Amino acid sequence: MIVASYDDAFINDFADEFDSYWSKTEGGKNIVSLLSPGGASRRVCLWRSTVDYYLADDDAALDNWFRNRFPGNKKNYRFTTATHIVLERPILPSEYPKSGATVLRFLRDLAPESIELLEEAAETADDKFTISFEGRTDDGPVFFAVEVMPPVKQGMKAERRPDMVQKGFRPGKVPTHIRMQRLFGGNKVERLETMRADASWIHGRDTPTVTPLFGKRVLMIGAGSLGSEVALLLAKTGVGSITLVDPELLDYPNVGRHMLGVTQVRTSKAKSLTQKLAGDFPHMRSIKYFAEDWQSLYGKRFNVFKNTDLIVSTVGSWVAEGRLNQVARSEAGFPPVIYGWAGPFSVAGHAVLIGANGPCFACGMDHFGKALQTVCEWDTETTRKQPHCGASIQPYGPVSLSGVAALVAKAATKALLGEVPPGTETVYWASKEEVAEQGGRFSSDFLNYFTDVPDFGGTSKFEWRQKEDCVFCGGS
Ligand SMILES: [Zn+2]
């Protein structure tokens, strides 16, 4: 057994099944960990609730998480610290600690340099203290934790027990090596289970593409049926900062294809969606809203536009988007913009990425803001009059809209990662059958430009061509 326990294959077997061997001690807590994996051993921030413990790299990250997760809770959290130690491998069942002394024993083998960190922590430890571990394996890190209980003198009532760490010394005068002997002696250790809730784990279980997206900032203009789904998809993908801009209130007929429901009717779409995203993804770096149209926001706070990596507009109104296109071209340092919209009945969708140079959004539009290249042709009216209020609506359901939302969200993540150049249009189209069911057909433009249109639907990239006499960008 002893020889076998040093065999790599043997160690890997336990590492693979770590969670099923390491179960917390009765009374031991779950730790919700927001720690970023792959760092060095360090002091980290801890909050102990009566139910669970929470760990984060710093106070700000933990504070942000609580404010997002438990809005309206005005509690001032008093955070303490814990020690996070990175080990070259997870520990084996034979090494599971039962006392303070056995914790030190495996640390001397696996992370001797971390003992100094513990000595530092011991200086200020006045009660139990928490140590979190990250054991490296070939498949990524394994997280677990222990709580080292203070030494107690048995057989005395709790309130009369002397402080066994302090005993025999004046306050603050216990030499480090004595403190360490007392804190890491025969005293009890409880095992804790760590549940990772950090961005890297939540958005793809440590796949390397998540980290760059977490640092990105997206400004969403429009939080309607399309915008709300795009925002939700971006948050799920791991974009770390999202700001929503929309002046409208949610109404009953919106609910059929919006990410919000009846409980949020007559509330601001932007505000309620922000609250939903904050609660669902409390680790996000920033989630904010402005319940007004973008023009009024722009007049007051230009920095909201400037301090973002990408703007995604889904308002589908030429008045708003034509103006956005104009501003984007005239203002130095304006971020790239994706214009996303659904065609009639959502059987086609478009996402156009426009940068500071090259074609502008208007280059692909006629004077009325109608796209020059369309996917489908229609013999009949594609909008329907809404009874009693004179507005017209685009009739389509949530299922077909999802294809367009996925397209726009995908275009946004590709733009954020620099994987597509500005001037790229991505197009989604439904099957020929579905288009026909709605009374349409693929347009001759589309069939000419793209000779091999799959009948079962698909997506493809096109160049958004520059118009020579464009009044916005002058074709330059
Ligand atoms: Zn142009």
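The values are calculated or read from the model by the stated rules, or taken from the named source; none is laboratory data. Predicted model only: the values in this text are computed from it and were never measured. For neighbour counting, all protein chains shown are included, and Cβ atoms are generated from backbone atoms with ideal geometry for every residue, glycine included.
Within the stretch 447-474, being within 14 Å of the ligand (Cβ to nearest atom), over 37 Å from the mean Cα position of the chain (by Cα) and in contact (Cβ under 8 Å) with a residue 24 or more places away in the chain holds for K467, C470, V471. Filtering the stretch 365-378 to residues that are at pLDDT 90 or above and either basic (K, R) or crowded, with 24+ Cβ neighbours inside 10 Å (or both) leaves only V375. For the stretch 103-123, filtering for residues that are touching a strand residue (DSSP E or B) at 6+ places or on another chain (Cβ under 7 Å) and touching a residue at least 60 places away in the same chain (Cβ under 8 Å) leaves 6.
Kindly indicate whether G240 is closer than 17 Å to R285 by Cβ and in the same structural domain as S402 (by TED's automatic domain parsing). So G240 passes the test.
Considering only the stretch 111-124, I want to know if a residue exists there that is surrounded by 13 or more Cβ atoms within 10 Å (Cβ to Cβ), under 37 Å from the mean Cα position of the chain (by Cα) and in a strand (DSSP E or B). No, that holds for no residue.
Applying the condition of being hydroxyl-bearing (S, T, Y) and within 21 Å of A348 (Cβ to Cβ) to the stretch 217-243 and asking which residue is surrounded by the fewest Cβ atoms within 10 Å (Cβ to Cβ) yields S225. Taken over the stretch 300-327, the criterion of being closer than 20 Å to K370 by Cβ and in a helix (DSSP H, G or I) is satisfied by W318, V319, A320, E321, G322, R323, L324, N325, Q326.
When E331 is tested against (1) away from the ligand (no atom under 16 Å from the Cβ); (2) modelled with pLDDT under 95; (3) not hydroxyl-bearing (S, T, Y), only condition (1) is not met.
Answer yes if at least one residue in the stretch 141-157 is modelled with pLDDT under 90 and either assigned to a helix (DSSP H, G or I) or not assigned by TED's automatic domain parsing to the domain that holds V32 (or both), and no otherwise. The answer is no; no qualifying residue exists.
With respect to V375, is the statement that it is farther than 30 Å from P212 by Cα, away from the ligand (no atom under 16 Å from the Cβ), aliphatic (A, V, I, L, M) and in contact (Cβ under 8 Å) with a residue 40 or more places away in the chain true? For V375, the condition - farther than 30 Å from P212 by Cα, away from the ligand (no atom under 16 Å from the Cβ), aliphatic (A, V, I, L, M) and in contact (Cβ under 8 Å) with a residue 40 or more places away in the chain - is met. E381 meets each of the listed conditions (1) away from the ligand (no atom under 16 Å from the Cβ); (2) surrounded by 11 or more Cβ atoms within 10 Å (Cβ to Cβ); (3) in a loop (DSSP other than H, G, I, E, B) apart from (2). Counting the residues of the stretch 252-264 that are surrounded by 15 or more Cβ atoms within 10 Å (Cβ to Cβ), more than 15 Å from Y289 (Cβ to Cβ) and free of Cβ contacts under 8 Å to residues at least 24 places away in the same chain gives 1.
Among the residues of this structure, V174 counts as one that is at pLDDT below 85, β-branched (V, I, T) and in the same structural domain as S99 (by TED's automatic domain parsing). Here N68 meets the list (1) in contact with a helix residue (DSSP H, G or I) (Cβ under 6 Å, 6 or more places away or on another chain); (2) buried (at least 20 other Cβ atoms within 10 Å of the Cβ); (3) closer than 17 Å to M149 by Cα almost entirely, failing just condition (3). The criterion of being assigned by TED's automatic domain parsing to the domain that holds A61, crowded, with 18+ Cβ neighbours inside 10 Å and modelled with pLDDT of 80 or more holds for F184.
For the stretch 332-375, a residue qualifies if it is on the phi > 0 side of the Ramachandran plot and either touching a Gly at 6+ places or on another chain (Cβ under 8 Å) or assigned to a helix (DSSP H, G or I) (or both), and the qualifying residues are F345, S346, G358, G369. So for the stretch 422-432 (the condition being under 35 Å from the mean Cα position of the chain (by Cα), over 24 Å from F345 (Cα atoms) and within 16 Å of the ligand (Cβ to nearest atom)), does at least one residue qualify? Checked the stretch 422-432: at least one residue is under 35 Å from the mean Cα position of the chain (by Cα), over 24 Å from F345 (Cα atoms) and within 16 Å of the ligand (Cβ to nearest atom). Of the residues making up the stretch 190-240, just one is of a type in the set (D, E, K, R), in a helix (DSSP H, G or I) and either modelled with pLDDT under 95 or over 11 Å from the mean Cα position of the chain (by Cα) (or both), namely E229. Candidates in the stretch 344-360 are the residues that are surrounded by 24 or more Cβ atoms within 10 Å (Cβ to Cβ) and more than 29 Å from the chain's Cα centre (by Cα); of these, the one that is nearest to the ligand (Cβ to nearest atom) is C360. Take the conditions touching a helix residue (DSSP H, G or I) at 6+ places or on another chain (Cβ under 6 Å) and in the same structural domain as W378 (by TED's automatic domain parsing) and apply them to V435. Does it pass? When the stated conditions are applied, V435 does not pass them.
Run down G340, G316 and say which single residue is at pLDDT 95 or above, crowded, with 17+ Cβ neighbours inside 10 Å, under 30 Å from the mean Cα position of the chain (by Cα) and within 23 Å of A406 (Cα to Cα).
On the way: G316 fails: at pLDDT 95 or above.
Answer to the check: G340.
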